[in-house]
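Structure record follows, encoded as structure tokens.
The values are calculated or read from the model by the stated rules, or taken from the named source; none is laboratory data. Keep in mind it's a predicted model, so treat the numbers as computed, not measured. Cβ placement follows ideal geometry from the backbone for every residue including glycine, while neighbour counts extend to all protein chains displayed. These accessible areas exclude ligands, DNA and RNA; they are computed on the full protein's heavy atoms, side chains included. Shrake-Rupley method; radii C 1.70, N 1.55, O 1.52, S 1.80 Å.
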Amino acid sequence: MGKGAGFAKAILFGEHFVVQGAHALGASLSKEIRVKISPAEKLSLNIETGTIVPEASRAILSSFSLPANYRIEVEADIPSGAGLGWSAAYSVALSRAAAEEKGISPGWREIARHAYEGEKVFHGNPSGIDNTLSSQRGVVLFRRNEEPLSVELAEPLRVVVADSGKTGPTKELVAGVSLLKDEKPQYFSDLMEREEELVMDAKRALEQGNIPLLGRLMNRNQEYLRQIGVSSPELEGLIEVFRDEGALGAKLTGAGGGGCAIALLKSKKDASAILQRIDKNHLIFEAQIG
Ligand code: PMV
């Protein structure tokens with residue numbers, strides 16, 4: 001028997017560009033996925049899935065040298081395909097449960113490394129940001145193959161996250177951006193350069209508490225995401241409502257194509273106006289980051 005949890009996450013700046021080697025900034029959220037495992041005759045899950053979750057689970061169990069003979073019970077605060085890191089939070093939760101089953105207590109970096117084995121199955125070419133954010137608390141500056149850096153915020157951020165109601169196929173969207181990079185190398189490298197500068201400006205703004213600048217940087221980041229083709233009409237609709245209702249900035253978060261958008265707020269009043277205008281059938285929540 002073993003149990004564990006992984007955090008949902010929000011990418012604040014740099015999704016997709018991070019896959020290609022740029023820096024990105026993200027944060028864990030207080031929403032979680034919890035997993036319990038118990039020995040069984042064969043691998044089974046209490047949720048409806050295709051083949052990919054069992055396959056990713058096998059990869060994680062095998063990275064702990066455990067056989068794939070477990071009943072896995074999953075409890076999730078977030079939907080999958082919403083850009084909130086379902087696959088990473090699941091991979092981290094299962095890694096923690098597997099560690100408990102083995103009677104070991106690895107640190108978060110080690111957990112993130114095991115979870116990456118699951119992420120590779122889910123996403124093909126993951127940057128590693130999601131499993132890093134899901135395995136510990138706080139805001140992190142991340143770059144592929146480098147040690148993640150914790151970022152100290154001068155003041156907490158107030159955000160609203162809302163689901164567009166359409167799922168975003170991360171693997172295909174990431175592959176589509178790679179294709180764009182191959183077909184239009186100059187166009188893409190110019191955008192990468194601008195995104196890298198933007199992420200570094202955002203890190204300074206977080207450390208200095210320059211919230212209005214952060215909002216403007218979010219808007220510019222959304223423009224770059226549009227230019228690489230990962231936004232969607234549903235996401236644009238949400239972003240328009242966020243901006244109409246006084247958000248300082250708004251963008252998609254995660255892989256896009258659907259999934260969630262995130263808005264940066266000035267005050268509590270902004271959130272109530274936004275909450276009133278968004279379709280309550282879809283996931284929507286306020287969060288404090290930092
Ligand atoms: O949509 P999500 O939660 O899987 O986020 C993916 C983030 C990407 O930058 C698009 C991919 C990655 O591996 O970094």
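Model label sites at Ser62 and Glu183, defined 7 Å from Cα along the beta-carbon direction, differ in position by 3.4 nm.
Could you please report the charge total around Leu214, scoring K, R as +1 and D, E as -1 over all other residues with beta-carbon less than 13 angstrom from its beta-carbon? Around Leu214, the surrounding residues sum to +4. Protection proxy ranking of 174-186, 107-119, by the mean of other Cβ atoms within 10 Å over each peptide's residues and highest first, is 107-119, 174-186.
Accessible surface for region 147-290, divided over its residues, is 47 Å² per residue with a 1.4 Å probe. Each listed q (0.10, 0.15, 0.17, 0.18 Å⁻¹) maps to a log10 I(q)/I(0) for region 2-151 from the Debye sum over equal C-alpha point scatterers, namely -0.30, -0.67, -0.86, -0.96.
Close Lys pairs in region 116-253, defined as Cα atoms under 21 Å apart and 8 or more places apart or on different chains, number 7. Note on the chain: Rg/Rh from C-alpha atoms, Kirkwood Rh, equals 0.97.
Helices in the chain, meaning DSSP H runs of at least 4 residues, each add -39500 (n - 2.57). Divided by all residues, the mean residue ellipticity at 222 nm is -14500 deg cm²/dmol.
Between 0 and 90 degrees, the angle of helix 52-63 with respect to the longest Cα principal axis of the chain falls at about 60 degrees. When only Cα pairs below 8 angstrom with a gap of at least 6 residues are kept, the chain shows a relative contact order of 23 percent. Against the chain, whose longest principal axis comes from its Cα atoms, helix 211-227 is set at around 80 degrees.
Computed with every protein chain present, the accessible area of His16 is close to 10 Å² [probe 1.4 Å]. The residue list Gly229, Leu264, Val174 was ranked by how far each Cα lies along the charge dipole of the chain toward its positive end, using unit charges on Cβ atoms, and Leu264 comes out on top. The stretch between Gln208 and Asp279 holds 22.1 nm of extra length on full extension. This uses 0.36 nm per residue minus the Cα-Cα distance.
In region 2-151, taking the dipole from charged Cβ atoms about the Cα centre, the farthest positive-side position among Ala99, Pro67, Ser44 is held by Ala99. Separation of region 9-60 from region 170-249 is 23 Å, based on Cα centroids.
Using only side-chain charges placed at the Cβ, +1 for Lys and Arg and -1 for Asp and Glu, the dipole size of region 157-289 relative to its Cα centre rounds to 420 debye.
Here the chain is treated with +1 on each Lys and Arg Cβ and -1 on each Asp and Glu Cβ, and its dipole about the Cα centre works out to around 440 debye. Of all aspartates and glutamates in the structure, the ones whose alpha carbon falls short of 13 Å from that of Lys36, not counting any fewer than 8 places away in one chain, are Glu73, Glu75, Glu100, Glu101. Relative contact order of region 238-281: 38 percent, from C-alpha pairs under 8 Å at least 6 residues apart in sequence. Dipole check for region 57-144: with +1 at the C-beta of Lys and Arg, -1 at the C-beta of Asp and Glu, and the Cα centre as origin, the magnitude is about 340 Debye.
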